[in-house]
Amino acid sequence: MARLNLILLAAVLVSALAAVSTSHRARKLFMEFEREQQRMRALEVEWGQLQLEQSTWATHARVEQIARDRLGMHAPRPAQIVTAEP
């Protein structure tokens, strides 16, 4: 009977240690999950800011201004426009 009690005690201890280990691992994984979700939210905010910045840089007026100032481009005169008809 004493031997059975020792075996059962060992089984209970092993089971308890496994439960504690599993619980600890679950907490660690949950913390990592929360950290990654926070990182995801920060990246979404950054993505929104980059889209806003891109739309600002790509406005028609800004592109036209750069074409004039840096590239020396200008709109064609009406005499320079040729229309192709089928």
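Each reported figure results from applying straightforward, stated rules to the coordinates on display, with no laboratory input. Computed from a predicted structure; not experimentally measured. Note: ideal-geometry Cβ built from the backbone for every residue, glycine included; neighbour counts use all protein chains shown.
For the reader, a short list of remarks on this structure follows.
- Semi-axis lengths, Å, the chain, gyration tensor of Cα atoms, sqrt of 5 times eigenvalues: 76, 14, 7
- Result for the chain in a Gaussian network model with C-alpha springs under 10 Å: among Arg25, Arg41, Arg70, the largest mean-square fluctuation is at Arg70.
- Computed [θ] at 222 nm, helices only, for the chain once each DSSP H run of length n ≥ 4 contributes -39500 (n - 2.57): -28000 deg cm²/dmol
- Candidates Leu13, Leu29, Leu43: whichever shows maximal mean-square fluctuation once the chain is modelled as a Gaussian network with Cα springs under 10 Å: Leu13
- Spin-label model, Val82 to Arg41: label points 7 Å out along the Cα-to-beta-carbon direction sit 6.1 nm apart.
- In the chain, the longest principal axis of the Cα atoms and the axis of helix 60-69 are about 60 degrees apart.
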